[in-house]
Amino acid sequence: MEVTKREIFVSILFALFAFIGGVCIAGSIRSCEDDANVKYYQAVKVADSTQFNYAFKTNEGHTLAYGTVTAVGYVTDDGIGNYMTITRVLEEYRQHTRTVCTGEGKNRSCHTETYWTWDDIGRKRFAVNQVNFLGRNFYYGAFPELPGENYITTINLPSRGFFSNKQRYVYYGRSLSYTGTVYANIDNHSLNDAKFLNGVGLDEAVDKLIHKWGVPIFWVGFAVVCIGLIIGFVALPNEWLYGKYWRERSRRKKEADDFWDNFGR
């Protein structure tokens, strides 16, 4: 692929105009991020139950509160221990088949292979009704972003005829308490749009919540697209950049005009 001076010049012009356009787009993205981040920067910081109760009393609005979300009561099943939530998955050891092929062309041969896997055939979930945070009780669903459930244990089910030793319960659960920072909009004396940051203090919470990657991601994607377009451009013949192309085009147009002029006589 030969790169000419004119192609380099056009590519530089394209890159320049693309950069100007990119700056405008990046500015718009940054402005949108700033608008979205205002609520985090202006959020009232709360670190004890007295301040938290006052925030509810006055409908404080956007609030960051540090404390421990603790289950009110617990759930358990089959003596596996006490948890905030438990998911019990029923799995069955089932036989499957798949076609396996080897070789190529005339030497290609296929055969059926048998294998076994533990398949999820049903699940049941248990959860406490309420949790406590900084002295106030809330419905469990008020904190939808608590850490995910962790594996607890596996219990094989007793023999039941054909299903002997082929079924088991696998348990996952949440601990009874988690300490971290809650962001929420306290309005109408209720906790709205709560986000829980496990193990994160008040000083770190804002940095975790704000939107800050939109502009870098845009520039990376924008640069990849522009470089791809420039490479594609210089790979083309691009005869239109040269005078001989336009002279040839003018000659052909003149011949065509002369032909139609003569044809009409």
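Inside the stretch 1-49, residues that are among the basic types (Lys, Arg), surrounded by 14 or more Cβ atoms within 10 Å (Cβ to Cβ) and in a helix (DSSP H, G or I) make up a count of 2.
Considering only residues in the stretch 215-230 that are among the β-branched types (Val, Ile, Thr) and open to solvent by 90 Å² or more (accessible area, probe 1.4 Å), the one that is nearest to SER28 (Cα to Cα) turns out to be ILE217. The residues of the stretch 147-178 that are hydrophobic (A, V, I, L, M, F, W, C), modelled with pLDDT of 90 or more and assigned to a loop (DSSP other than H, G, I, E, B) amount to a single one, LEU176. Picking from residues in the stretch 54-67 that are open to solvent by 50 Å² or more (accessible area, probe 1.4 Å) and touching a strand residue (DSSP E or B) at 6+ places or on another chain (Cβ under 7 Å), the one that is nearest to GLY201 (Cα to Cα) is TYR66.
Considering only residues in the stretch 174-202 that are touching a Phe, Trp or Tyr at 6+ places or on another chain (Cβ under 9 Å) and among the polar types (S, T, N, Q), the one that is most open to solvent (accessible area, probe 1.4 Å) turns out to be ASN198. Of the numbered conditions (1) more than 34 Å from the chain's Cα centre (by Cα); (2) closer than 30 Å to GLU60 by Cα, LEU176 satisfies every one except a single condition; which is it? Tallying (1) more than 34 Å from the chain's Cα centre (by Cα); (2) closer than 30 Å to GLU60 by Cα, LEU176 fails exactly one: (1).
Tallying residues that are surrounded by fewer than 16 Cβ atoms within 10 Å (Cβ to Cβ) and touching a residue at least 60 places away in the same chain (Cβ under 8 Å) within the stretch 203-214 yields 3. Return a yes/no flag: does the stretch 180-192 have any residue that is modelled with pLDDT of 90 or more and either over 18 Å from PHE52 (Cβ atoms) or aromatic (Phe, Trp, Tyr) (or both). Scanning the stretch 180-192, I find at least one residue that is modelled with pLDDT of 90 or more and either over 18 Å from PHE52 (Cβ atoms) or aromatic (Phe, Trp, Tyr) (or both), so the answer is yes. Consider ILE80 carefully, then state whether it is at negative phi, in contact with a Phe, Trp or Tyr (Cβ under 9 Å, 6 or more places away or on another chain) and not in a helix (DSSP H, G or I). Yes. When the stretch 179-193 is filtered for residues that are among the polar types (S, T, N, Q) and in a strand (DSSP E or B), the ones remaining, listed by number, are THR179, THR181, ASN185, SER190, ASN192. Between ARG6, ARG30, the distinction of being at pLDDT below 90, closer than 30 Å to VAL224 by Cβ and of a type in the set (D, E, K, R) belongs to ARG6 only.
The values are calculated or read from the model by the stated rules, or taken from the named source; none is laboratory data. Just so you know, these numbers come straight off a predicted model, no measurement behind them. Cβ: placed from backbone, ideal geometry, glycine included. Neighbour counts: every protein chain shown. With ligands, DNA and RNA removed, areas are computed over all heavy atoms of the protein, side chains included. Shrake-Rupley method; radii C 1.70, N 1.55, O 1.52, S 1.80 Å.
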